[in-house]
Amino acid sequence: LAQSLFALFASSLAISLVFAIIPLCHNVVVLAVVMAVAGLAMGCIDTISNMQLVKIYQKDSAIFLQALHFFVGFGALLSPLIADPFLSDTNCILSNATANASSNLPHIRKSLVPHHPGNLSHYDLPMKGMVVTRVSYAFWIMALINLPVPIAVFFLLYKERMVPCFNSSSHPLLSADELAMETRPTAKDDLSTSVQRPHAAGGHDDLFSCCQSKNFRGASYTYFAVHITGTLVLFMTDGIVGEYSGFIYSYAVEEPLSVVHKVAGYLPSLFWGFITLGRLISIPVSYRMKPATMVFINMVGVLITFLLLLIFSYSVVFLFVGTASLGLFLSSTFPSMLAYTEDILQYKGCATTVLVTGAGIGEMVLQLLVGSIIHDRGSYSFLVCGMIFGGLAFTFYAFLLFFHRMYPKPSSDMDAASPDKPSVMDDTGQYQR
């Protein structure tokens, strides 16, 4: 826990520093390095926060994961609203020739939308002149908004006596007796936790315990199959989130829809708004519904939405309806998949790291793939790609359900008729029949 909290503190502090530095970068190489540091810090936060929630709350983790990802969506919805007042409606740098006619220049974001670069040849984009953008303020505001996060993490470290310099002067948030009460299994849960807790205690000595080969020794093929299929589901679904939010604006302003630029700009906000709403709704729903059922509903909903978007591809109204529907169905897929996969694997925590990494790779790779396809094949291929990715996600999920049925259950489930029989676990952490 101490290693995780220190990593969260360093990563969240790095994000504030990066956002403060970005406006000062006048070289693209320096900017690329700074952005890489930000991506690394965000990846650490994403992985560690998901993994720790699974380890701490185990079977109750679905609710907390939904809450965590609600705030992820809320942040994605809020940050463009903070930045928008500081964006210029004209070219960011005005030369003498364009200063007087700046109102006639299209916004940079809208000018770069068409997938035919030749269309931009008649635009004069001066590189020297009067700078009119105030976008630097948006980055500094975001840096200040994020600053309370590392402060709160450091306060938690301090209160839990994990900071070497302040061990004697602070009192932990939970005393030893209270902590024992919190972690002691109830009579109802004795049987289920007797198998899980010894493994959890031995499998998480440090952040890198998942990478040790001894944890894989003697594991069945279904153990790896669950990891792989779960990762492929999130690879596709998170890839859909990335490519849809990234290219829905480009698709809307192109023919045959030809939506007005300002109206099309609402589509990404609508998409993220319904992702946030869906995650908020999923917090109480996950208390009543199993994660596997929620993922199944999401997969079917994504497929049906893309099918209808293809059928009604000439309807602007349905584009908005479909965007909202897609955001709603994709909203709880990530946290529900984490909860479901960890439930299969008895909350060992390693699956979370693998799934989060696969989801991040999917978000990166599928955006690059779809961008190149749209460039070559036109805007309609955007929806076709989404339909294909949704179909692949549903197929991989069907394989995951199959491997779940094949996965060996803990001995406590098999020996339910004789609860006094102790569960047997070998030195590799694999449960024996």
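So LEU319 passes all but one of these: (1) open to solvent by less than 20 Å² (accessible area, probe 1.4 Å); (2) touching a helix residue (DSSP H, G or I) at 6+ places or on another chain (Cβ under 6 Å). Which condition number does it fail?
All conditions pass for LEU319, except number (2).
What is the number of the single condition among (1) within 26 Å of PHE320 (Cβ to Cβ); (2) part of a helix (DSSP H, G or I); (3) open to solvent by 30 Å² or more (accessible area, probe 1.4 Å) that SER258 does not meet?
Here SER258 meets the rest and fails (2).
If you take the residues of region 128-150 that are more than 18 Å from LEU8 (Cα to Cα) and of a type in the set (Gly, Ala, Ser), which of them is modelled with the lowest pLDDT?
GLY129
Hey, does region 335-344 have a residue that's open to solvent by 30 Å² or more (accessible area, probe 1.4 Å) and more than 19 Å from SER245 (Cα to Cα)? Let's see the steps before the verdict.
Step one: list which residues in region 335-344 are open to solvent by 30 Å² or more (accessible area, probe 1.4 Å), which gives 343.
If we keep only those that are more than 19 Å from SER245 (Cα to Cα) as well, we get 343.
Looking through region 335-344, at least one residue is open to solvent by 30 Å² or more (accessible area, probe 1.4 Å) and more than 19 Å from SER245 (Cα to Cα).
Does LEU120 fit the bill of being surrounded by 16 or more Cβ atoms within 10 Å (Cβ to Cβ) and at pLDDT below 80?
Details: surrounded by 16 or more Cβ atoms within 10 Å (Cβ to Cβ): no; at pLDDT below 80: yes.
No: the conditions fail for LEU120.
Please verify whether LEU280 is in contact with a helix residue (DSSP H, G or I) (Cβ under 8 Å, 6 or more places away or on another chain) and either among the hydroxyl-bearing types (Ser, Thr, Tyr) or under 25 Å from PHE382 (Cα atoms) (or both), treating the condition exactly as stated.
Numbers: in contact with a helix residue (DSSP H, G or I) (Cβ under 8 Å, 6 or more places away or on another chain): yes; either among the hydroxyl-bearing types (Ser, Thr, Tyr) or under 25 Å from PHE382 (Cα atoms) (or both): no.
Judged against the criteria, LEU280 is not a match.
Based on what the data block shows, is ALA324 farther than 20 Å from PRO284 by Cα, of a type in the set (Gly, Ala, Ser) and either outside the structural domain of GLY386 (by the TED database) or assigned to a helix (DSSP H, G or I) (or both)?
Numbers: farther than 20 Å from PRO284 by Cα: yes; of a type in the set (Gly, Ala, Ser): yes; either outside the structural domain of GLY386 (by the TED database) or assigned to a helix (DSSP H, G or I) (or both): yes.
Yes; evaluated as a whole, the condition is true for this residue.
Identify all residues within region 360-393 that are of a type in the set (Asp, Glu) and touching a helix residue (DSSP H, G or I) at 6+ places or on another chain (Cβ under 9 Å); write none if there are none.
Selection gives GLU363 alone.
For the structure I just gave you, tell me whether ASP46 is modelled with pLDDT of 75 or more, closer than 25 Å to ALA351 by Cα and in contact with a helix residue (DSSP H, G or I) (Cβ under 7 Å, 6 or more places away or on another chain). Full working, then the answer.
Numbers: modelled with pLDDT of 75 or more: yes; closer than 25 Å to ALA351 by Cα: yes; in contact with a helix residue (DSSP H, G or I) (Cβ under 7 Å, 6 or more places away or on another chain): yes.
Taking the combined requirement at face value, the residue satisfies it.
Got at least one residue in region 255-263 being out of contact with any Pro (no Cβ under 6 Å at 6 or more places or on another chain), closer than 16 Å to GLY390 by Cα and assigned by the TED database to the domain that holds LEU309?
First pass over region 255-263, keeping only residues out of contact with any Pro (no Cβ under 6 Å at 6 or more places or on another chain): 255-263.
Retained after the next criterion (residues that are closer than 16 Å to GLY390 by Cα): none.
There is no residue in region 255-263 that is out of contact with any Pro (no Cβ under 6 Å at 6 or more places or on another chain), closer than 16 Å to GLY390 by Cα and assigned by the TED database to the domain that holds LEU309.
Quick test for you: out of LEU383, LEU308, pick the one residue that is in a helix (DSSP H, G or I), under 23 Å from SER250 (Cβ atoms), without any contact (Cβ under 8 Å) to a residue 60 or more places away in the chain and of a type in the set (A, V, I, L, M, F, W, C).
So the residue among LEU383, LEU308 that is in a helix (DSSP H, G or I), under 23 Å from SER250 (Cβ atoms), without any contact (Cβ under 8 Å) to a residue 60 or more places away in the chain and of a type in the set (A, V, I, L, M, F, W, C) is LEU308.
On the given criteria, is GLY386 over 22 Å from ARG288 (Cα atoms) and surrounded by 22 or more Cβ atoms within 10 Å (Cβ to Cβ)?
Numbers: over 22 Å from ARG288 (Cα atoms): yes; surrounded by 22 or more Cβ atoms within 10 Å (Cβ to Cβ): yes.
So GLY386 fits the description; yes.
Yes or no: region 280-299 includes at least one residue that is open to solvent by 40 Å² or more (accessible area, probe 1.4 Å), over 18 Å from the mean Cα position of the chain (by Cα) and among the polar types (S, T, N, Q). I'd like the intermediate steps shown before the answer.
Pass one, region 280-299, residues open to solvent by 40 Å² or more (accessible area, probe 1.4 Å): 280-281, 283-285, 287-290, 293, 296-297.
When the remaining residues are screened for being over 18 Å from the mean Cα position of the chain (by Cα), the result is 284-285, 287-290, 293, 296-297.
Restricting the remaining residues to those that are among the polar types (S, T, N, Q) gives 293.
Yes: region 280-299 contains one or more residues that are open to solvent by 40 Å² or more (accessible area, probe 1.4 Å), over 18 Å from the mean Cα position of the chain (by Cα) and among the polar types (S, T, N, Q).
Are any of the residues in region 335-344 over 15 Å from the mean Cα position of the chain (by Cα) and small (Gly, Ala, Ser)? Explain how you work it out, then say what you get.
First, the residues of region 335-344 that are over 15 Å from the mean Cα position of the chain (by Cα): 340-344.
Cutting the leftovers down to small (Gly, Ala, Ser) gives us none.
For region 335-344, residues over 15 Å from the mean Cα position of the chain (by Cα) and small (Gly, Ala, Ser): absent.
Give the residues of region 8-60 that are open to solvent by 30 Å² or more (accessible area, probe 1.4 Å), of a type in the set (Gly, Ala, Ser) and out of contact with any Phe, Trp or Tyr (no Cβ under 7 Å at 6 or more places or on another chain), sorted by residue number.
Those that are open to solvent by 30 Å² or more (accessible area, probe 1.4 Å), of a type in the set (Gly, Ala, Ser) and out of contact with any Phe, Trp or Tyr (no Cβ under 7 Å at 6 or more places or on another chain): ALA10, ALA32, ALA36, GLY39, GLY43.
Which pairs have Cβ atoms under 6 Å, sit 6 or more apart or on different chains, and link a residue in region 391-405 that is assigned by the TED database to the domain that holds GLY239 and assigned to a helix (DSSP H, G or I) to one that is among the acidic types (Asp, Glu) and open to solvent by 80 Å² or more (accessible area, probe 1.4 Å)?
If the second residue must be among the acidic types (Asp, Glu) and open to solvent by 80 Å² or more (accessible area, probe 1.4 Å), no pairs are left.
The values are calculated or read from the model by the stated rules, or taken from the named source; none is laboratory data. None of the values given here were measured: they were computed from a predicted structure. Glycine also receives a Cβ, built like all others from the backbone with ideal geometry; neighbour counts cover every protein chain displayed. The accessibility values were calculated without ligands, DNA or RNA, using every heavy atom of the protein model including side chains. Shrake-Rupley method; radii C 1.70, N 1.55, O 1.52, S 1.80 Å.
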